[in-house]
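Asker: Dropping the structure in here first, questions after.
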Amino acid sequence: MKRISVFVISGLILVQGFISAQQRSWSLEECIKYAIDNNIQIKQQVLQTRYQKNALDLARLKLLPTLNGQATHNYSFGRALDETTYQFTEQENVQSNNFYLGGSLNIFNGLQNLNSIKKNRYELLASDEDLKNIQDNVALNVALGYLQVLLNKELVSATAGQLDITKQQIEKTKKMVDAGSVPRGNLLQIEAQAAQEELQLISIKNQLDISVLNLTQLLELKSPEGFDIVTPDIHVDTNTIITGNINEIYEAALMTRPEIKSSEYRLTSSEYDLKIAQGGRSPRLSMNHSFSTGYSSIRQRILGIDPVTGPIYGKYNFADQLNDNINYGVGFSLSIPILNGWQVNKNISNTRIAIENSEYTLEGAKKQLYKNIQQAYADAVAALKKYSASIKAVTSMEESFRYTEQRFNVGMITPFDYNSAKTQLLNAQSDLAQSKYEFIFKTKVLDFYKGVPIKLDNTINF
């Protein structure tokens, strides 16, 4: 009974620990790390990188000599030649064995093997950079999804706050209606506004749920149930100046961005492809080596010589035959290409076209990087201006709403004017929240091109 109780308690502790793990709050850094560890595209690129590593190993191993073995066991029936006496035997059942070891070594083939090693080394480096590029893109998408959740949380909070104010006004208006100081129509209008705000709150909560779902899908989580994120206290300094200029950021990005390095490595790889193709014009010198032996059941051994009848033959056993029939040798072969359907020249021409295409790819990657940095810089500057303007707008609207609320409380304005002022304030607060997170993301994108890791602290001052 005690043992069962121990198991039950242990099980409850494990379940509770699992639930706690599911319901913990995730930071942006944790989300990015988890997404990178579980993203399918990243896993596929890891496999591609392993494939390129194997290709490099194979290119290196081609420098080693080849060695292959062969063993045969044959049965023959009928007429056979006895290699001992060089006489044919009739109706003989013969068993024979042959054993062979042989191979070759490329001594010179236009340096094609060495150039293949260098080509595959750069292909491996390019594959590594492709992996980093995918990881960076995943990190950016997760950061965008994370900030979208933060934005929707703030919008839910602002809308819920406005709804609370409306509900308070409903209570005040009820008292004023009961006292006969305002008509009942005012109460009905405010109650209608509260219903509209409740509907708006439900809509924004749905947007929050969708943004959480999108983020969990980026993280490859099975379900958003129990998932939540850390909500940092983000402060944006409106006196911020966007540091650096486009050209400085671009020059720094050229040295670090994986998509540029990948294109550069593939260009170098295509240049070694040309050297490999040009090696097809060179003579090829190779060395061949072999070792063989055999056995035949029909063979006999000379045991002696009879002065009258001549040689005396006897049984020639398996081990002795293998030892006596050993043959080995080394040879050299020189092959000179003269005319092979113009294949070598066409291969060279095709690799030159591939080099030109790789140069265009690199140039295109650089131009795209410059455009992206231009866009990110312009977006960051515009987002900061928008955020500064939104702060001023919210400050003005809050002051205006306070004045409108005071006038409404004493019956100087209609509920329509009051609701209009409150709606304008909510819209201004929503615009402020959107501009804040837009500025944060655009600035993070700009930092991304500067080589700064994507990170959110509890308090952020830009």
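Readers should treat all values here as calculations from the given coordinates under stated rules, not as data from a laboratory. None of these values were measured; they are calculated from a predicted model. Cβ: placed from backbone, ideal geometry, glycine included. Neighbour counts: every protein chain shown.
Asker: Sort Ile260, Ile336, Ile440 by Cβ crowding within 10 Å, fewest neighbours at the top.
Answerer: Least crowded to most crowded, the residues run Ile336, Ile260, Ile440.
Asker: Restricting attention to the range 31-111, which trypsin sites (Lys or Arg not before Pro) occupy a DSSP loop and are surrounded by at most 16 other Cβ atoms within 10 Å?
Answerer: Lys62
Asker: For the range 63-127, what are Rg and Dmax over the alpha carbons, in angstrom?
Answerer: 23.7, 69
Asker: With Kirkwood's inverse mean 1/r over C-alpha pairs for Rh, give me the Rg to Rh ratio of the range 289-438, two decimals please.
Answerer: The Rg/Rh ratio comes out at 1.82.
Asker: Here's a follow-up. Of all trypsin sites (Lys or Arg not before Pro) in the range 171-274, which ones are in loop regions per DSSP and have a Cβ with at most 14 other Cβ atoms within 10 Å?
Answerer: Filter output for the range 171-274: Lys222.
Asker: Where in the range 24-123 are there GluC sites (Glu not before Pro) that are in a DSSP coil and have at most 13 other Cβ atoms within 10 angstrom of their Cβ?
Answerer: Loop-located and lightly packed - Glu83.
Asker: Given the range 251-344, report the % of alpha carbon pairs whose separation exceeds 15 Å.
Answerer: Tail fraction, whole percent: 79.
Asker: Between the range 355-420 and the range 309-341, what is the separation of their alpha carbon centroids in Å?
Answerer: 87 Å
Asker: A follow-up question, please. Place the peptides 225-231, 416-422 in order of packing, highest mean first, counting for every residue the other Cβ atoms within 10 Å and averaging per peptide.
Answerer: Result, highest mean first: 416-422, 225-231.
Asker: Mean residue ellipticity at 222 nm from the helices of the chain, using -39,500 (n - 2.57) per DSSP H segment of n ≥ 4 over the full residue count, to the nearest 500 deg cm²/dmol?
Answerer: -23500 deg cm²/dmol
Asker: Search the structure for amide H atoms under 5 Å from the amide H of Asp228, placed 1.01 Å from N in the peptide plane, and list their residues when 5 or more places away or on another chain.
Answerer: Trp26
Asker: Need the C-alpha centroid separation for the range 112-136 versus the range 35-78, integer Å.
Answerer: One Cα centre to the other: 18 Å.
Asker: If you don't mind, another one. Step through the table entries Lys132/Lys436; Lys53/Lys118; Lys33/Lys132; Lys261/Lys366; Lys275/Lys346, compare each Cα-Cα distance with 18 Å, and write down the pairs that go over it.
Answerer: Too far apart for the 18 Å limit: Lys132/Lys436.
Asker: Using only the alpha carbons, work out the radius of gyration and Dmax of the range 184-307 in angstrom.
Answerer: My reading of the Cα-based Rg and Dmax gives 40.1, 148 Å.
Asker: Please report, to two decimal places, log10 I(q)/I(0) for the range 192-235 at q = 0.18 Å⁻¹ as given by the Debye formula with identical point scatterers on the Cα atoms and no solvent.
Answerer: Taken in order of the listed q values, log10 I(q)/I(0) reads -0.68.
Asker: Taking Kirkwood radius over Cα pairs in Å straight from the coordinates, which label in [x] 22.0; [y] 23.6; [z] 31.3 is the correct one?
Answerer: Identified label for the calculated read-out: [z].
Asker: Moving to a separate point now. Rounded to a whole number, what is D in µm²/s for the range 33-188 from Stokes-Einstein with the Kirkwood radius over alpha-carbon pairs (10 °C, 1.306 mPa s)?
Answerer: Calculated translational D: 63 µm²/s.
Asker: Which listed residue (Leu215, Asn120, Leu28) has the Cα farthest towards the positive end of the charge dipole for the chain, taking +1 on Lys and Arg C-beta and -1 on Asp and Glu C-beta about the Cα centre?
Answerer: Going by the Cα projections, it comes out as Asn120.
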